[in-house]
1. Which of the residues that make up the range A:166-220 are hydrophobic (A, V, I, L, M, F, W, C) and in contact with a His (Cβ under 9 Å, 6 or more places away or on another chain)?
2. Looking at the range B:586-593, can you tell me whether even one residue there is within 18 Å of the chain's Cα centre (by Cα) and farther than 30 Å from B:Leu197 by Cβ?
3. Pick out the one residue from B:Ala489, B:Ala432 that is under 21 Å from the mean Cα position of the chain (by Cα), crowded, with 22+ Cβ neighbours inside 10 Å and at pLDDT 95 or above.
4. Pick from the range B:255-296 the residues that are hydroxyl-bearing (Ser, Thr, Tyr) and under 26 Å from the mean Cα position of the chain (by Cα): which of them is nearest to A:Gly14 (Cα to Cα)?
5. Would you confirm whether any residue within the range B:565-584 is part of a loop (DSSP other than H, G, I, E, B), closer than 18 Å to B:Ala533 by Cβ and at pLDDT below 95?
6. Looking at B:Arg309, B:Arg326, which is the one that is in contact (Cβ under 8 Å) with a residue 40 or more places away in the chain, surrounded by fewer than 19 Cβ atoms within 10 Å (Cβ to Cβ) and within 21 Å of B:Gly280 (Cβ to Cβ)?
7. At least 2 residues that are within 14 Å of chain A (Cβ to nearest Cβ) in each: list the helices (runs of 4 or more DSSP H) lying fully within the range B:367-464 that qualify.
8. Select from the range B:465-486 the residues that are within 24 Å of the chain's Cα centre (by Cα) and either among the small types (Gly, Ala, Ser) or assigned to a strand (DSSP E or B) (or both) and list them in ascending order.
Amino acid sequence: MTDAATVGVLCFPGSNCEHDVVAALEGLGAAARIVWHSDSDLSGFGGLVVPGGFAHGDYLRPGAIARFSPAMGALSSFAERGGPVLGICNGFQVLTEAGLLPGALMRNAGMRFVCTTVECEVVSSSSVLTAAVPTGTVLRLPVNHYEGNYTVNAEGLAELERNGQVVLRYRDNPNGSTGNIAGVANRAGNVVGLMPHPERASSALLGSADGLRLLESFLAAVANGAGASRAPRVAS
Amino acid sequence: MIGSPQPARSDPDRAAVPEGAHRALGLTDEEYAGIKAVLGRPPTAVELSMYAVMWSEHCSYKSSRAHLSRLPTKGPQVILGPGENAGVVDVGDGLAIALRIESHNHPSAIEPYQGAATGVGGILRDIFTMGARPIALMDGLFVGDLGDARSRYLLDGIVRGVAGYGNSVGVPTIGGQITTAPGYRGNPLVNVFCLGLLRREHLVLAAASGAGNLVVLLGSRTGRDGIGGVSVLASSEFAGEGATKRPSVQVADPYEEKRLIEACLELLSAGLVVGIQDLGGAGLACATSETAAKGGMSMEIDLSAVPRREPAMSGVEVMTSESQERMLAVVTPENLATVRAVCERFEVEAAVIGTVAEPDPDGVGRLRIRDAAGGEVLGEMPAASLADDAPRYRRPIAEPADLAARRAVTVTLPDPGGRHDDALLAMLVDPAWIYRQYDHQLFLNTVRGPGEADAAVLRLAAPGIAWQGKGLALSCDANPGWCAVDPRAGTAATVAESVLNVACTGARPLALVNCLNFGNPEHPEVMWQLTEAIEGMSEACEALGVPVVGGNVSLYNASDGADIEPTPVVAVAGLIERLASPPPAITWQEGDALVLLGEPASALAGSRYARDVLGRAAGALSPVDLAQHLALCGLVAELVAAECAPAPAGVLHGVHDVADGGLAVALAELAWRSDRGARTEVARPEELFAELPPRALIAAADPAPIEQAAAAHGVLARVIGRAGGQRLTIGAPGGAVLVDTPLAALGEAMAASLAGRLDAAPATH
């Protein structure tokens, strides 16, 4: 059963963080369900997450094939209607390839895969992921990627900064991203992508529970009906 | 039946087998005679190629099998021991773990990225073929000295290969070990361990049963890669012909494997397959003959039905290709449509390539290879003869001629009253450069990741299997330095260290798997090393109560005539009954008392100091008193487990084993990880670097409860100093200062060890 409070977690062949995202959301009392990428009907979900992994193997640019999946068309419509959408790691890459978020994720500056835990600072509250987290809050979050080097040109960066679309910044940049950017939102703030994995920081036993603050904020947006049912339709 | 098919010159499957062809395939004349005796006639080309791969050292264990029966394999927790794709061990709550370790040494020497990557893929298939969800990988890596450019190239490629496959396929690599020594320059070792979690009722075996059932090949198409991998590549020495063997290395496709994992786990949990077997070394020849033999059935294979990557492949090539990411499932005809539907959803190709049949009227299950359904028979062999009738050799065994002379040497510490800072700094290694390239966090199970504690600690859970409060401790260990001096005592000490490592995270050991990497078994000294190592492993496993549930033997690890040092690798899995808090890490706090637990150590033979600093591989290794070691492990596990409980005891601030590198290296690692120094004193200067027996160092504000517990367990405890300050100072009785180094120097040495050598241009921020 799905209702407006249920979060859909998209799964492509090669995704691998879908179970972790569901577990973290369920740990917060939310309802979440995995949706196969070929499903073009996402009606009924109050929020959507594109999780981490290697959709379609990442043999081309990460996300370059995933954006053509039927579920992505439905996700785009959902986003246009103001529905809360979160892309984590590979999901962030998919959202940039789909044109839902500005910029691109290039290979890490060190040209190596990096898996470690870094400190990030919330630098804007104007997004569904950070609305409930005060600016200046420092979070310990795991990163795990080869192509996490967020890249945008100077003009684009200025626009992002001006609009408060940079939501999360590394304090110790692991990948060389422009402006130490770890996460960005779209202009409306309902679509957010980030390279760190908030679901991996979901328990003190695992080393950090800081990611829950971000996921709680996202779930609050879902519960507030920022989603499909009540969001104003954006002219396209 | 096999008659005298008309030979067609251009058809390798039907051409008469030329005299002596078996030798090029790695078979001896005696083995060829054995094949003729089994068949009652000369083999066809297809048959000869299948026997060549199945009777290779890699597949048949023909040099080691007679000795492996010595290993203790029983225990109340053991569900399946050696001989299956993986060992399976009960962990309670209706759950079991499946575990295995395998080598991919020879392919990695030729093509490090693909060799290591396909090693990961192969071990994963061994686990999920049992019905288990793979949740953890570890890698044991051995390369030449990193001052050498080729060894750096190999390590870089191997680590990228493990990362490229493991990360993408979605299984975390949570631990491992790295050894650098000149002997691995031409023949690096890549051992990969995998552990999976399953519900006991989902356990599936690799047997073909039920006449009329269908043989279904799942996954990748069959290509020309990896032909002869097990025979030409893995069962002979290297002698400078690496490039010509490159076609024998397989190519990895983790995306295919990821879809194969999901499809197979769904098929297995839904009960849609009768039996299933992965395709690895020896490809279809192995999977078809083993499943038929285990089921006691005949099997008909239709070569034309095998999906191929390229046209015009011969039957020989199809049957012996080691193309990766394939599985062989036995399916009832009624379930075929459902199996196809599941595979289609995961975009996994499924092709019916044969059928299971009743044994022949003479009671023998035969494997028949036809060129088409109901077509010409290109090969017909008793299925069990491929798997079981390989010769077993009792190869000559001889201890080295200079053994007594080497053991008579006493390795001493030069300048025992002087400073040893430089030696210590040169021995420090930070493996973070390796494990930061591996996803070690997926599945939200990693409570202690690589480098944090002596063993990795995971929540015992998997997608679809909820966590019920237990923890799993995993450690992968090897010490070729010890084993070079004394393979028997060295292997026993390796097992002892591994068991102590899991105890340092509060776990009791459940099971051990091993990978025995040795040189050319035709050298009697290598066979001596192998049998001594098996004896030492057996003694330690018996004394410490750890059954061996699986293993792998890799022989012919030699290059340009030089055998590698004996390198038995072990991986121990332990269980933490209540994991409510993380076990103490490798750390200490300001003012902590440092308590050393265990028997005193002072002999330097076999130590890293003796090898790396003095250049001495001689002397007599101190044997580990296994009864004392059992008491030590019990004590440490008890102390640490009390810190993992819902209400932690709060006594221990940190714990670290003392073995490789000795007390000085253990102290330096603790200081570096804590960013805090210490003032300590050793009982005698040799204790700085002496490695055996393995001991444990505990940091606690108050040493009294630890001393009391130690006394109760009959374990020696000695307070050797206090943590604090910005320098690591190690003194000796009488006031000599042996080590006095600032923390910054430790950090610089750590950074220079791997990252400094392998990242020409460090990441810029």
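1. Within the range A:166-220, just A:Met195 meets the criteria.
2. Checking the range B:586-593: not a single residue is within 18 Å of the chain's Cα centre (by Cα) and farther than 30 Å from B:Leu197 by Cβ.
3. Going through B:Ala489, B:Ala432 in turn, just one is under 21 Å from the mean Cα position of the chain (by Cα), crowded, with 22+ Cβ neighbours inside 10 Å and at pLDDT 95 or above: B:Ala489.
4. Here the residue is B:Tyr255.
5. no
6. The match here is B:Arg309.
7. Counting at least 2 such residues, we get B:432-435.
8. B:Gly471, B:Leu472, B:Ala473, B:Leu474, B:Ser475, B:Cys476, B:Asp477, B:Ala478, B:Gly481, B:Ala484
The values are calculated or read from the model by the stated rules, or taken from the named source; none is laboratory data. Keep in mind that what you see is a predicted model, and the values were worked out from it rather than measured. All Cβ positions, even for glycine, are placed from backbone atoms using ideal geometry, and neighbour counts span all protein chains on display.
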